[in-house]
Amino acid sequence: MNIGNLIKVSLRALNNNKMRAFLTMLGIIIGVASVITMLAIGQGSKKSIQSQISEMGSNMIMIQPGTGNMGGVRLSGESQQTLKLEDYYALRDKTNYISACSPTVNSSGQYIFGSNNYPCSISGVNSDYLDIRKLSIDEGTVFSKQQIEVAAKVCIVGQTVIKNLFTNGEDPLGKVIRFNKIPFTIIGTLNEKGFNSMGMDQDNIVLAPYTTIQKRILAITYIQGIYASATTEADTNKAIDEAETLLRANHKLKASDADDFNIRSQEEISKMLTSTTDILTILLACIASISLLVGGIGIMNIMYVSVTERTREIGLRMSIGAKGRDILSQFLIEAILISFTGGIIGVLFGLGASLLIQFAFSWPVSIQLYAVLLSFVVCTITGVFFGWYPAKKASQLDPIDALRYE
Amino acid sequence: MNKSIIRLENIKRDFIVGEETVHALRGVSFSIDEGEFVSIMGSSGSGKTTMLNLLGCLDTPTEGDYFLDNVAVSTMNKNQRSTIRNKKIGFVFQSYNLLPKTTAEENVELPLMYNPSYTGKERREKAIKALNDVGLSDRLNHKSNQMSGGQMQRVAIARALVNDPVLILADEATGNLDTRTAYEIMVLFQELHKKGRTIVFVTHNPELAAFTSRNIVLRDGKVIKDAPNERIESAKKMLDALPKQED
C-alpha cells in the first residue's frame, strides 16, 4: 500500500476513536510543552545573568598581585606590593589588545557631609575606569589629566552615597565631603546602575584620582590592582596573554618562576555563574523529559489495545493480500501521527506557556529554537520507538488465527 | 479439456498439539476446473477448515503439492502467498469481516489498495462495478453498520470479486443469515457461476450442496465422496417457493 493510502487509513482509525487518540496525544502534548517551557526558563535566567555580567563590562580584565612567599611563609595577595605604576604604564602604552587601562587603589572609611555620615570605600582610579566598568556620568565631569597629576582632592560619587549623605535633596555637585578628615570636592555624579547578579550595590561607590589616594590617604607607591579592557570580547584571551608576557618581563621573572600576579577576566565569573544555571536547566529538562517518556508509554499502551481490538481487521487485511510490512507501516504511522500531532500542539502550548510566564510573572524567558526542534524530533522518535513493538506484533499475527479471533 | 484451477496432489497436513500429532488431512488429491461450483462438506473435525486455509493460501501443507492456476503454492513464503491471495483469490467469510464505520465502496476497494498497479480512479471504478454486479449500486456510500446482514454479505462478495480472482472461496457464507436471505445469497452465487466464475463453497450444511455443480465430502481428513451433482437445484425457484413475508 502506498504512503498516502496508509496515512488515510491511519487517520480514519484515529478518527474512529477521537477521545482515545486525544487522551493519548495529551501525554505527548504535556511532555513537549513542558520540555520547551522548562528550557525557556532555564535559558532565560542564563541569558539574564550573562547580560548583567556584560553590563559590568564583558571584556574587562582584572589584574591583582599574586601570592608570594617570604622565607617560606606564604603571604596573601593583598599584602603584596608587586604591582607598580610602571606596570600600568607598560600595559597602557605597549599593548595591542588593551584599549583602556586603569590602576586601582582602595581605602575605606567614613564620609561626612553636614550632620550626615556614611561608611563607604574610596577607589583611586583614572578616567578610563568609567569605560572599563561601564559607568557613566550623570552630572558634572570626570577628573582631568591635570587633576590626576596634581593629586587633586576631587571625587565622583554614586547614587547610593548621594542618598545617604544628601538627605535634604541638596545638589551634590560642587559640595565638599570629608573622607577620614580629608575634604573632597564632588565634581561629578554617576548614573544609577542597580545591584549586580551577585547582590552587590554598584552605586555604593566613590571614585577619586589614584594619585590622590596613593599620596594623600595611603601614602604608598605601589598599586593594588589594574583594570583593563580588551579591544573586543573575542580578543580577551589575547589581551590576557599580552599582559602576562609584559608583566613577567617587567617583574624580571625567570621561566621557572610562577607569576606574582593574577589575571582574571569576566569570562571566568560568567562561566561560573552560567554553569549553575546550566545545571538548573538540565534538571528542569530531565523532569520534563520524564513526562515525555510517560507520554510515549501511553502511546505504546494504546497501540497495544488498538492491535488487540482490531485483530480481525488485521486478519482480513492479510487474507486479502496485505503483507506483514503493510500492517507494520499502518500501525506505525498511526503511532507517529499521534506523536507528531501531539508534538505540534505541544510546541504551540510550550511557546504559549513560556510567553505567559514571561508576561504574568515577568521571569526572564528565552525560547530556544533548538529546544523546539529537539523536543519535536524526540517526540516523533518516541512515537516510532513505542509504536514499533505493538506494530511488529500486529504484523506477525497469523491470518488464520487473526480471522477467527473473538 | 477445461483449464484446471486447483490441483491437489496427496496433500497432508499435521498439527502438533502438545506431544500428540493431529493428522488433519491424510492425503487428499483432487482438481477443480475453471467454471466449477464445488461444495466441500463435512462435519466438524473432518478437516474442512484446514482444507479451506490451504486452498486460500493462508497455510501450507506438511506434505504434497498444491497448484493454484498452475502455480506451486506449497513452497511459497509468506509474502509470496500474500501476493497470490491478493491477485487470485476472493474470500467470503461467515461473519462478513467488513471494516467498521467504512462505506460499502471503500470496503470493496480494499483488496486493490494492496495492489500498487491500480490508481485511485481505477479502484473506484472497479469497486462500483463489483457492487453493481451484486445488486448494491444504490448502497455505495452506506456504512457497514447501516446495512442488513444480507447486504453486508453482498458487499463482502463484491469485495471478493473486485480483483478478478481465478477462485472465490466462501466459508459458510450463509451461516449467519436467515433462510430467505441465505437463498438470496445462493441465487447470487449461482448467477456468478453461470457467468463462468470458479467457486468453492465450504459448508457443513448438506442442503446447500444441492445448489452446486460438484460435491466433495470430507471425513477424518480424507475425501469419502467426490461426485458431480446431476440435478442442480435452482436457488431462485426455492426462493420463490418460500411463503411470502407479511409485513
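None of the figures in this text is laboratory data; all of them are computed from the coordinates on show. None of these values were measured; they are calculated from a predicted model. Methodologically, a virtual Cβ is constructed for each residue, glycine included, from the backbone with ideal geometry; neighbour enumeration extends over all protein chains shown.
Less than 12 Å Cβ to Cβ from A:Ile112, Lys/Arg counted +1 and Asp/Glu -1: what total charge do the surrounding residues give?
Value of the local net charge: +3.
Rounded to the nearest 20 debye, the dipole magnitude of chain B is 480 debye, with +1 charges on Lys and Arg beta carbons, -1 on Asp and Glu beta carbons, and the Cα centre as origin.
Net charge within 12 Å of B:Lys129 by Cβ-Cβ distance, Lys/Arg positive one each and Asp/Glu negative one each, not counting B:Lys129 itself?
Local net charge: -3.
Of the residues A:Ile240, A:Ile63, A:Ile279, the one that moves most in a GNM of chain A with alpha-carbon contacts below 10 Å is A:Ile279. Take every Cα pair under 8 Å whose residues are at least 6 apart in sequence, average their separation, divide by the length of the stretch A:81-259, and the relative contact order is 33 percent.
Treating only the Cβ of Lys, Arg, Asp and Glu as charged (+1, +1, -1, -1), what charge dipole size does the stretch A:81-259 show about its Cα centre? Round to the nearest 20 debye.
660 debye
Within 10 Å of the Cβ of each residue in A:319-332, the mean number of Cβ atoms contributed by other protein chains is 5. Quick one: Karplus J couplings for the stretch A:80-87, per residue in order, coefficients 6.51, -1.76, 1.60, θ = phi - 60°, nearest Hz, x for Gly and Pro? 3J(HN,Hα) across the stretch A:80-87, in whole Hz: 6, 10, 7, 8, 10, 4, 4, 4.
A dipole drawn for the stretch B:1-129 from +1 and -1 charges on Cβ atoms has a positive end, and of B:Met76, B:Asn2, B:Pro116 the residue lying farthest that way is B:Pro116. Karplus-based coupling profile of the stretch B:182-190, in residue order and whole Hz: 4, 4, 4, 5, 5, 4, 4, 4, 5, with θ = phi - 60° in 6.51 cos²θ - 1.76 cosθ + 1.60 and x standing for Gly or Pro. For peptide B:80-86, the mean count of partner chain Cβ atoms within 10 Å of a residue's Cβ comes to 4.
Scanning residues 5 or more positions from A:Asp138 or on other chains, those with amide H under 5 Å from its amide H are A:Thr189, A:Leu190, A:Asn191, with H placed 1.01 Å from N in the peptide plane. Normalised by residue count, the stretch A:197-293 yields a Cα convex hull volume of 195 Å³ per residue. Taking Lys and Arg as +1 and Asp and Glu as -1, the other residues whose beta-carbon sits under 13 Å from that of A:Thr308 total -1. For A:Ile122, nonlocal amide neighbours, meaning residues 5 or more places apart or on other chains whose placed amide H falls under 5 Å from its own, are A:Ser107, A:Ser108, A:Gly109.
Each Cα pair under 8 Å and six or more residues apart adds its separation to the average, and for the stretch B:1-132 the resulting relative contact order is 21 percent. When peptides A:81-94, B:18-31, A:36-49 are ranked by their average number of other Cβ atoms within 10 Å per residue, the highest-first order is A:36-49, A:81-94, B:18-31. Other protein chain C-beta atoms within 10 Å of residue C-beta, averaged over B:101-110: 2.
Listed values for the stretch A:246-256 are Karplus-derived 3J(HN,Hα) couplings in whole Hz (6.51 cos²θ - 1.76 cosθ + 1.60, θ = phi - 60°), namely 5, 5, 4, 5, 4, 8, 6, 7, 7, 4, 7, and x replaces Gly and Pro. Between the amide H of A:Phe261 and those of A:Gly66, distances stay under 5 Å, these residues lying 5 or more places away or on another chain, with hydrogens modeled in the peptide plane.
In percent, rounded to a whole number, the relative contact order of the stretch A:148-208 is 46, using alpha-carbon pairs under 8 Å and six or more apart.
Shown for the stretch A:81-259 is the translational diffusion coefficient from the Stokes-Einstein equation, using the Kirkwood radius over Cα pairs, a temperature of 25 °C and a viscosity of 0.890 mPa s: 142 µm²/s.
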